[in-house]
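Written out below as structure tokens is the structure these notes cover.
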Amino acid sequence: MATPLKSTTVLFEDHFSTDGKLNAASWDYNHWQATNNPSWLGLTQMRQELPDAQNGVARIRLDTWLDGNGFKGSEAITKEAWDLSGGSVAFEGKFKFDSTQGGMIAGFFTFQQFPMGADRDIHDEIDYEIITSNPAKISTNVFAHETLKETAHPLSIAIPDGTTVWHTYRMEWTASYVRWFVDGKEIRTETNHVPTTAQQLHLNLWGVPKNWGPSDGDKNGPPVGDPTFLPATSAAENKSYFFDVDYVKVERVATLMGDGADNVLNGTADNDGIEGGAGNDTLFGDAGDDTLAGGQGNDVIDGGTGNDSLIGGEGFNILTGGVGSDRFYMGPGSNTARDTLADLAGDTFFDFGTDDAIAIQGTLVDRSDLAVTNGAEATTLQVGGSSFELAGDYSGGDFMIVARGTGADASSSVTFVPFLPSLAEGKAVNPTLVNGIANEPFLSGDGSVDFSVSLKSAASTFANTLGAYKIAADGTIRDVQVLFDNTLNVAAGAREVDLGTPAAGERIAFFLIQNGFAKLGTLPDNLSFVAPGTMDPADIRTGADPVLHSATLGDLAGATIFHSMSTLNPNDAMQVLSGVAAGGQELFVGFEDLPTATGDNDFQDVVISIHASSAGLLFA
């Protein structure tokens, strides 16, 4: 669990020690204006004056009487704004809502600085909000140049004793992430939506219409409105409510920052914050509970000992948590968490996607040794006595394990692969589900794993020919074989074919000859893919489309050939999609036998499954 970053400079602080109005030299409020009026929120007109301070507390007030149709709220906004040009920033405050009445929102938040009269819809913002309809939880939110009306990322989180008692709340804003803390304990980290523009600190209290439901996107959130909370119909019926703030503080916090170069950044025994920046960086946290963010580039991140937070960022990144209960934020890049089984125990992964992997080092794990417990908000993976958790719902697919190597070089890579989408003749698959080969490492060899392929179905107007080949470590294609001469006519006992045992560094790929049996008949067992105009083996690294050649028939022209590797197809078209079988031990692949630019894109013309034999693997 992350700890707050160390403060280096206090940029702003107010303990509200003087009774009376808040200091006008430091604070302002949203002024009423005829257009783009920011002083009206929900069902509330903000006072056109600053709130009061009393007994060392800022009392942000809401009255139920305005005009019979609304509420009268209050707010305070720092005149100063802060950005990241001088380093990371933390916003901290101690506050509570002094009631249990629902229907109001008390805000401690940052908001992008705008000139008077500007349209503020698309903006940056970081929030703490007390939704008074559910005082047991605090609501967090963030906007990164996003629209207030349509886009939000709210998450409500239960806190001890609720929001009607004093707690210290903190928001840390860096170039790579935003974090929220309550009483020094991290409750949320956001890496996908990070503001970039100068922010002012806001305090406010306002009422909402009685029928407002939960905040959009907040599955944990309560309804915001309360049918019992209505504007007073006369001044005599007015009720007052208070959002009390003990202090606020804005700090510059310690972060070791890289730049555009390839940096090597080393932490200390303290709780360090390290950000790589734009280069291909190496970050090492050493001891302490560190937060390490790769930023852009292809980074290597090692937390060392301690309970660390590792943030992959963009690029292809390698993350190692080491000893401790670590938190991995996989982010938008293709990230691999690389650790021993013992060091993975107790770790938590966020934003774990289909392009990410967990590489268990020094251990060969069979898929049957992996126990998966799915939950609506988290999934637990367990091997032997070690378990780790993935935040989120992974019921839409299954986990696969690619166990390769021996001894100290042994590694078992865990990936998540969606199930194959529903396929039907003439029914185009949603383009977002066309994923090529979902788990390319699964088709790689190490000299000991045997592969087989099964024909599951074929429905097409074409008598297609399906084949396979191996791609050597140097990128050349070899060992071309026809699996099924005519996919529409395969005997029941001939639907499974052994693919052999690829050498270390070799991988298997597939090809389909459109209407191949009708055009070419039964092909001889002397095929190869060659580079155009030569007899040299085709090389996938050149970008040239390979030519199918027979030692007896010569180049086989006149037939369209599609490959499972999109880079070998004209215009790099994806002609296959894939999905895992339940249990995670087989990969289904569906071919489209027409060019995807003009075809029906049903991807069910030929469907196969691939199985890797890994019997006898042991885990440590």
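Can you pull the semi-axes for region 61-157, root of five times each eigenvalue of the Cα gyration tensor, sorted largest first, whole Å? Don't skip to the answer; put the middle values down first.
Numbers: eigenvalues 122, 64, 43 Å².
So the three semi-axes of region 61-157 are 25, 18, 15 Å.
At a 1.4 Å probe radius, carbon and sulfur cover how many percent of the accessible area of region 193-258? Write out the running numbers ahead of the final one.
Numbers: 1570 of 2860 Å².
Percent of accessible area from carbon and sulfur atoms in region 193-258: 55.
According to the square roots a ≥ b ≥ c of the eigenvalues of the Cα gyration tensor, what is the shape class of region 547-620, taking rounded for a/c under 1.5, prolate for a/b larger than b/c otherwise, and oblate for the remainder?
Details: a/c = 2.85, a/b = 1.59, b/c = 1.80.
Note, shape of region 547-620 comes out oblate.
Kindly provide the GluC sites (Glu not before Pro) of region 142-240 that DSSP labels as loop, not H, G, I, E or B, and whose Cβ sees at most 15 other Cβ atoms within 10 Å.
Values: sites: 146, 150, 172, 186, 190, 237; in loops: 150.
Those that pass, being in a loop and sparsely packed, are 150.
Report in % the part of the accessible area of region 23-114 that belongs to carbon and sulfur, leaving out ligands and nucleic acids; probe 1.4 Å. Walk me through the numbers before you get to the answer.
Values: 1490 of 3490 Å².
Here carbon and sulfur together make up 43 percent of the probe-accessible area.
Within 10 Å of each candidate Cβ there may be at most 15 other Cβ atoms; applying that plus a DSSP loop requirement, which trypsin sites (Lys or Arg not before Pro) in region 34-116 survive?
Numbers: sites: 47, 59, 61, 72, 79, 94, 96; in loops: 47, 79.
Answer by residue number: 79.
Please report, in Å, the Rg and the Dmax of the chain, where both are computed over Cα atoms only.
Here Rg and the maximum Cα pair distance are 30.0, 102 Å.
Specify, per residue and in Å³, the volume enclosed by the convex hull of the alpha carbon atoms belonging to region 214-352.
Values: hull volume 25.0 nm³, N = 139.
Given the Cα convex hull of region 214-352, per-residue volume reads 180 Å³.
On the first, second and third principal axes, largest extent first, how far apart are the outermost C-alpha atoms of region 411-562 in Å?
Principal axes ranked by extent give 43, 39, 33 Å for the Cα atoms.
What is the percent carbon and sulfur in the accessible area of region 499-589, measuring with a 1.4 Å probe over the protein chains and ignoring ligands?
Details: 2040 of 3840 Å².
C and S atoms contribute 53 percent here.
In square nanometres and to one decimal, what's the mean projected area of the convex hull around the Cα atoms of region 1-74?
Working: hull surface 33.5 nm².
Projected over every direction and averaged, the Cα hull of region 1-74 covers 8.4 nm².
Using only the alpha carbon atoms of region 127-182, find the Kirkwood hydrodynamic radius as the inverse mean reciprocal pair distance, in angstroms to one decimal.
After inverting the mean inverse Cα-Cα distance, the result is 12.3 Å.
Which residues in region 112-132 have a backbone N closer than 14 Å to a point placed 7 Å from the Cα of residue 147 along the Cα-to-Cβ line?
What the label zone holds, given the 14 Å backbone N cut-off, is 120-123.
Give me the number: length gained by fully extending residue 342 to residue 116, i.e. 0.36 nm times residue separation minus the C-alpha to C-alpha distance, one decimal in nm.
Details: separation 226, 0.36 × 226 = 81.36 nm, distance 5.66 nm.
Gain in length upon complete extension: 75.7 nm.
For region 100-220, take the convex hull of the Cα atoms, compute a quarter of its surface area, and give me that in nm², please.
Values: hull surface 30.6 nm².
Computed as one quarter of the Cα hull surface, the answer is 7.7 nm².
Dividing the Cα convex hull volume of region 503-580 by residue count, how many Å³ per residue is that? If you can, show how the numbers build up before the last one.
Values: hull volume 10.6 nm³, N = 78.
Taking the convex hull of the Cα positions in region 503-580, it is 136 Å³ per residue.
Probe 1.4 Å, all protein chains in place: accessible area of residue 133 in Å², nearest 10?
The accessible area of residue 133 comes to roughly 40 Å².
Using a simple spin-label model with points 7 Å from Cα along the Cα→Cβ vector, what separation in nm is obtained for residue 228 and residue 481?
Going from the residue 228 label point to the residue 481 one covers 7.4 nm.
Which number comes out as Rg/Rh for region 365-448 once both Rg and the Kirkwood Rh are worked out on C-alpha atoms? Write out the running numbers ahead of the final one.
Working: Rg = 15.6 Å, Rh = 15.0 Å.
Computed over Cα atoms, the ratio is 1.04.
So what is the accessible area of the chain per residue, in Å², with the probe set to 1.4 Å?
Details: 24720 Å² over 620 residues.
On a per-residue basis, the chain sits at 40 Å².
Compute the distance from the alpha-carbon center of region 101-144 to that of region 531-592, in whole Å.
With region 101-144 and region 531-592 each reduced to a Cα centre, they are spaced 53 Å.
Just from the alpha-carbon atoms, what are the Rg and Dmax of region 269-313 in angstroms?
9.5, 26
Using the Cα centre of the chain as the reference point, and only Cβ charges (+1 on K/R, -1 on D/E), how large is the resulting charge dipole? Debye, rounded to the nearest 20.
Numbers: 33 positive and 82 negative charges, 231 e Å.
I would put it at about 1100 debye.
If each residue of separation counts as 0.36 nm, what is the full-extension length gain between residue 371 and residue 501 once their alpha-carbon separation is subtracted?
Values: separation 130, 0.36 × 130 = 46.80 nm, distance 2.74 nm.
Length gained, residue 371 through residue 501: 44.1 nm.
Percent antiparallel among DSSP beta bridges with both residues in the chain, to the nearest 5? Don't skip to the end; give the middle numbers.
Values: 150 of 188 bridges.
Antiparallel bridges make up about 80 percent of those DSSP assigns within the chain.
Given the C-alpha centroids of region 468-517 and region 242-273, what is the distance between them in whole angstrom?
For region 468-517 versus region 242-273, the Cα centre distance is 54 Å.
The values are calculated or read from the model by the stated rules, or taken from the named source; none is laboratory data. Just so you know, these numbers come straight off a predicted model, no measurement behind them. Quick reminder, even Gly has a Cβ in these numbers, built from the backbone with ideal geometry, and neighbours come from all protein chains shown. With ligands, DNA and RNA removed, areas are computed over all heavy atoms of the protein, side chains included. Shrake-Rupley method; radii C 1.70, N 1.55, O 1.52, S 1.80 Å.
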